[in-house]
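Structure record follows, encoded as structure tokens.
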Amino acid sequence: CRFYKITSGQILIDGKDIGLWSLNSLRSQIAIVPQDVSMFNDKIRLNIAYGKIESVGNNDLIENVARAAYADEFIESERFADRYDQVVGERGIKLSAGQRQRIAIARALIRDPKILILDEATSALDSKSEKYVQEALRVLIQSRTTIIIAHRLSTVKKADKIVVMEKGQIVEVGS
């Protein structure tokens, strides 16, 4: 994402150094699902649409990505009387960690990125929430380059390539 300046080597996308891309062009092709999801004290639909702000009025798109992220399972439950208009509270306090993760996945899906970065996306989840999030991630990673940062092997076991790092150095590469 070019948050930091590269001090050695290079990062290429489709053979082109990312330093040659405009920041806007580069970042429009990347979505990140972080460990700690940023949520706004606003409606669920607006928290999802934040991933692609021009989608704010497209309720069908918002509901489709929520369904793909398995977020509809809780959004359309009896606990959420206002469904997609339910306000989530400051930093998403009214949602569980798993629910916030599924909102973050829906937010990434709405952007339809070429590159997806999952940064410890399942680390703080109970087993039920992890099951839903893993299913949502299975949908999200199809047909795109995905970089999964994780400590648990179960999170990356289906990856094409696993790179094990220790103290900033690659110590193992395999499947």
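The values are calculated or read from the model by the stated rules, or taken from the named source; none is laboratory data. Bear in mind the structure is a predicted one, so any value in this text is a computation, not a measurement. Here the Cβ is made from the backbone with ideal geometry for all residues, glycine too, and neighbour counts use every protein chain on show. Ligands, DNA and RNA are excluded from the accessible area calculation, which covers all protein heavy atoms including side chains. Shrake-Rupley method; radii C 1.70, N 1.55, O 1.52, S 1.80 Å.
Summary value for region 31-92: 50 percent relative contact order, contacts being C-alpha pairs under 8 angstrom separated by 6+ residues. Here the gap between TYR4 and SER25, fully extended at 0.36 nm per residue and compared with their Cα-Cα distance, gives a gain of 5.9 nm. For ASP17 and GLU78, a Förster radius of 45 Å and the Cβ-Cβ distance give a FRET efficiency of 0.30, rounded to the nearest 0.05. Just the protein heavy atoms count here, and of the accessible area of the chain at 1.4 Å, carbon and sulfur take up 49 percent. Here is how the number arises for the chain: DSSP H runs of 4 or more residues each give -39500 (n - 2.57), the sum is divided by the residue count, and the result at 222 nm is -9500 deg cm²/dmol. Helix 59-68 and the longest principal axis of the C-alpha atoms of the chain enclose an angle of approximately 60°. Over region 107-170, accessible surface divided per residue gives 66 Å², non-protein components excluded, 1.4 Å probe.
For LYS158, the aspartates and glutamates whose Cα comes closer than 13 Å to its Cα, not counting residues fewer than 8 places off in the same chain, are GLU135.
Take every Cα pair under 8 Å in the chain that's 6+ residues apart, average their separations, divide by the length, and report that relative contact order as a whole percent. So the answer I get is 23 percent.
Taking Cα atoms, how many degrees apart are the long axis of helix 97-111 and the longest axis of the chain, rounded to 10 and kept between 0 and 90? The helix 97-111 is inclined about 70 degrees to the chain. Which of rounded, prolate, oblate describes region 100-172, given a ≥ b ≥ c as roots of the alpha-carbon gyration tensor eigenvalues and a/c under 1.5 marking rounded, otherwise prolate only if a/b is larger than b/c? Since a/c reaches 1.5 but b/c is at least a/b, the shape of region 100-172 is classed as oblate.
Please report the antiparallel percentage of DSSP beta bridges with both residues in the chain, rounded to the nearest 5.
Antiparallel bridges make up about 45 percent of those DSSP assigns within the chain.
Available extension along the chain between GLN142 and SER96 is 14.0 nm, counting 0.36 nm per residue and deducting the alpha carbon span.
Highest-first packing order for the peptide set 31-39, 104-112, 138-146, 160-168 is 104-112, 31-39, 138-146, 160-168, based on the mean count of other beta carbon atoms within 10 Å. Considering only ILE18, ILE148, ILE117, the mean-square fluctuation computed in a Gaussian network model of the chain, springs between alpha carbons under 10 angstrom, is largest for ILE18.
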